[in-house]
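Here the structure is laid out as structure tokens; the discussion comes afterwards.
What follows draws every value from the coordinates through simple rules; no lab data is involved. Here the structure is a predicted model, which means the values were calculated and not measured. Cβ coordinates were reconstructed from backbone atoms using ideal geometry, including for glycine residues, and neighbour counts include every protein chain displayed.
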Amino acid sequence: MKKIISLLLVVFMVVSFAACGTKPTTDENNGDDVAATLKFGMGIVASYGDAKDADGDTNGECKAETTAVAVLLDDAGKFVDIAIDTTEAKAAWTSEGVASATEEVKTKYELGTAYNMAAYGKKHDGTDGKVLEWFEQIDAFVATAKGKTLDEVKAFVGEDTYTTGDLAAAGCTISVGSIMAALEEAVKNAAASEATAEDTVKIAFATSVENTDATEEKEGSVEFEETIVAAVTDKDGKVVVAKTDCAQIKVTFDTKGVATVDTAAEIKTKLDLGTDYNMAAYGKKHDGSDGAVKEWFEQAAAFDAALVGKTASEFASLADADGYGTGDLATAGCTIGISDMIKAADKAAK
């Protein structure tokens, strides 16, 4: 009998010790299941393509590509969810330095089959076989990357930035250099959040364009402002956490149609610039009233916080009739124009 009692005590102690080292899965207050929270991060990579001068017969042009990635990561650094999209904005101008009208800038995912990768794309290695549409290749990338760490995904990318192994086998055969750079940035920026595996992460763009013709005194330009919002939403469509950033991309040219843009220049987002964006130093309140103006990243953080708990249908209430932050958002320090922020957030939350 003593041996049996001793054995039971040992078993009890072992079970108790194991339980102490196990993360609880229920809320001690009410017994409800507690879902593990995830890290949330966003990364953006923007760059210029080659610039071509206007020659009288054809316009000058320069493309700029912006790739954005948002991630949800578990405690082991494995991807639980990923969102990826890219814009390819093209600036054009005449041989007299007159900026040409820019078509509406849509992301590659928004273009869908109209991007025409399946119709015109070819495998980079010259082999035969069907090439999937861009959005299908991204879906394949995401499906393959889920459950893996960043290093495990990197193992499927060659030095030439084209995919190998599981990624290629899944149908993602495009160059993923920019995607991997943005993915790595998103992982680096990932921070604790209230998001869980039951939630969904999306990313969306809203692009505005400003054209200026060249004069003898000043270069002409086409400036793209890419506003990007990554949002995690729950099953009811309410935002759990969000992140907003913006890339300003400027292409310049002279009165003879010669491109003057430095295509090798680094493009930093407004969040990357931080205090160097100098909104606090030079910004003024749009209504002309006195008072300190917060840095852009601080205003964006206030906007992100205001999205939490809201559905897309409620975002419009954050702006006044002129598109500026209003109410509690303005009180929190977000006094800039937020029309494009709301457009991007609306897409990301649907």
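Work out how much length Ala264 to Asp57 would gain on full extension: take 0.36 nm times their residue separation and subtract the Cα-Cα distance, in nm to one decimal.
Between Ala264 and Asp57, full extension yields an extra 71.9 nm.
Determine the shape class of the stretch 31-96: with a ≥ b ≥ c the square roots of the Cα gyration tensor eigenvalues, call it rounded for a/c under 1.5, and otherwise prolate if a/b is greater than b/c, oblate otherwise.
Prolate, because a/c is 1.5 or more and a/b exceeds b/c.
Rounding to the nearest 10 and keeping the result within 0 to 90°, find how far the Cα-based axis of helix 2-20 lies from the longest principal axis of the chain.
Between helix and principal axis, roughly 10 degrees.
Which order do the peptides 337-347, 312-322 take when ranked by the mean count of other beta-carbon atoms within 10 Å per residue, highest first?
Highest-to-lowest ranking by the protection proxy: 337-347, 312-322.
Find the Rg to Rh ratio for the stretch 200-246, where Rh is the Kirkwood radius over alpha-carbon pairs and Rg uses the same atoms.
Reported Rg/Rh, Kirkwood definition of Rh: 1.32.
Does anyone have the angle between helix 339-348 and the longest principal axis of the chain? Alpha-carbon axes, 0 to 90°, nearest 10?
40
Please list 171-180, 74-83 highest first by mean number of surrounding beta-carbon atoms within 10 Å per residue.
Ranked by mean Cβ neighbours within 10 Å, highest first: 171-180, 74-83.
For the chain, what does the relative contact order come out to in percent, with C-alpha contacts under 8 Å and a separation of six or more?
Rounded, it is 17 percent for the chain.
With the Cα gyration tensor of the chain giving a ≥ b ≥ c as the square roots of its eigenvalues, does the rule (a/c under 1.5 for rounded; else a/b larger than b/c for prolate; else oblate) give rounded, prolate or oblate?
Taking the square roots of the gyration eigenvalues as a ≥ b ≥ c, the chain is oblate.
Quick check: from the Cα gyration tensor, does the stretch 41-182 come out rounded (a/c under 1.5), prolate or oblate?
Prolate, since a/c reaches 1.5 and a/b exceeds b/c.
Could you give the length gained on full extension between Val209 and Glu159, defined as 0.36 nm per residue of separation minus the Cα-Cα distance, in nm?
14.5 nm
If we restrict to alpha carbons, what Rg and Dmax does the stretch 98-237 come to, in Å?
Expressed in Å, the Cα Rg and Dmax of the stretch 98-237 come to 18.8, 58.
What percentage of all Cα-Cα pairs in the stretch 232-304 are separated by more than 17 Å? Spell out each step's value before the answer.
Working: 1667 of 2628 pairs.
Here the tail beyond 17 Å accounts for 63 percent of pairs.
Counting each DSSP H run of 4 or more residues in the chain as -39500 (n - 2.57), what helix-only mean residue ellipticity at 222 nm follows after dividing by all residues, to the nearest 500 deg cm²/dmol?
Numbers: 12 runs with 97 residues, N = 350.
The per-residue figure over the chain is -7500 deg cm²/dmol.
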